[in-house]
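The values are calculated or read from the model by the stated rules, or taken from the named source; none is laboratory data. Fair warning: this is a prediction, and the values are worked out from it, not measured in the lab. When we count neighbours, we look across all protein chains shown, and the Cβ atoms used for this are built from the backbone with ideal geometry, even at glycine.
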Amino acid sequence: MSKNQEKIKAALQQIDESLETISTDEDWLRYLYFQSRFYNYSFGNTMLIYLQNRNATYVKGYKAWNTLGRYVRKGSKGLAILAPCIKKKLVSDEEDLENEVKKKVITGFRLVYVYDIADTDGDDSQLPVLITGLSGNSDEEKLIYEKLYEFISSKHVVQEVEGINSKGSYNLETRVITVKADMDYIQKAKTLLHEYSHLIDFEMNPDENISRNCRELIAESCAYVVASRLGLDTSRYSMSYIQSWLRDKNELRMIADTVQKVSYRIITELAGSSDSAFSILRESED
């Protein structure tokens, strides 16, 4: 086995063992905040970055930093992540098994290196708004909630309801999202994201055997990730959901992977809209 193959094997083993480092509610919340910065990376690569540098905030490859007018400092240590090796192969046609078609398939992985912004110098003008920051005063919270409501209700039925005990709900049969009307804007924004995460989660994972605890932890974790990306701090509220902690490491891996996929879909949907309220979510691609 070559040294490179040994490093790849070690990285995959690190991912498998990484969940052992998350043993408390605070650990999970800390990881979720970290994942909100790297929503477009797979769970495995996010965890690799997390294990190597928990203070990382924004990473790019060496050449990608150059295109942003920044340069990696000499002697900086790169963060190893796994990139898929993709080749075109002849595989059986799903509709006609007697025929073969060329499709892109993952044949393995290779190590690539990214660098945190703290290890770079140069021009700040081309950095995305994500890095320059978004202040969160009451006017901003109101705007974010109103724009979230406008965007989500353009695709699904969303109702503000008065006189209900719960802060919100998602009806699996009717696909209607409700939000309690008489709450602060930051709470309404968080609740709307929570219920929308339920909708996306059930859409992507309709398996009826997934427990309610898993569903709730996924929804609240996704709401926390997306809210963090929007500059809203919902950690104090989210902690109450995360206290329904799940100890099964195999189940936790599924949850973490689902959180990445659901939050990625929501963030990319919002970033794809033309609304300036979501400009913080837009960033250049490598």
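Some points to look at:
- Matching residues in region 180-202 - criterion: being free of Cβ contacts under 8 Å to residues at least 24 places away in the same chain and closer than 15 Å to Lys142 by Cβ: Ala181, Asp182, Met183
One line per residue, one yes/no per condition, for (1) in contact (Cβ under 8 Å) with a residue 24 or more places away in the chain; (2) farther than 25 Å from Ile15 by Cβ; (3) among the polar types (S, T, N, Q):
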{"site": "Gly44", "(1), (2), (3)": "yes, no, no"}
{"site": "Gln52", "(1), (2), (3)": "yes, no, yes"}
{"site": "Val112", "(1), (2), (3)": "yes, no, no"}
{"site": "Asp121", "(1), (2), (3)": "yes, yes, no"}
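- Total residues in region 4-48 satisfying the condition of being under 15 Å from Lys261 (Cβ atoms) and β-branched (Val, Ile, Thr): the figure is 1.
- Put simply, of Arg54, Arg30, Arg37 the only residue that is modelled with pLDDT under 85, within 19 Å of Tyr224 (Cβ to Cβ), of a type in the set (Lys, Arg) and surrounded by fewer than 19 Cβ atoms within 10 Å (Cβ to Cβ) is Arg30.
Yes/no matrix, rows are residues, columns are (1) closer than 30 Å to Asp124 by Cβ; (2) charged (D, E, K, R):
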{"site": "Thr21", "(1), (2)": "no, no"}
{"site": "Asp27", "(1), (2)": "no, yes"}
{"site": "Met47", "(1), (2)": "yes, no"}
{"site": "Ala56", "(1), (2)": "yes, no"}
{"site": "Ser76", "(1), (2)": "yes, no"}
{"site": "Asn99", "(1), (2)": "no, no"}
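- Within region 179-190, the presence of at least one residue that is farther than 18 Å from Arg229 by Cα, of a type in the set (Asp, Glu) and either in contact with a strand residue (DSSP E or B) (Cβ under 8 Å, 6 or more places away or on another chain) or at pLDDT below 95 (or both) is confirmed.
- Among residues of region 246-282, those that are part of a loop (DSSP other than H, G, I, E, B) and either at pLDDT 80 or above or surrounded by 14 or more Cβ atoms within 10 Å (Cβ to Cβ) (or both), counted: 6
- Scanning region 201-230 for residues that are loosely packed, with under 15 Cβ neighbours inside 10 Å, out of contact with any Ser or Thr (no Cβ under 6 Å at 6 or more places or on another chain) and polar (S, T, N, Q) yields Asn209, Ser211.
- Residue within region 92-105 that is under 23 Å from the mean Cα position of the chain (by Cα) and either exposed (fewer than 15 other Cβ atoms within 10 Å of the Cβ) or more than 30 Å from Ile280 (Cβ to Cβ) (or both) present: no
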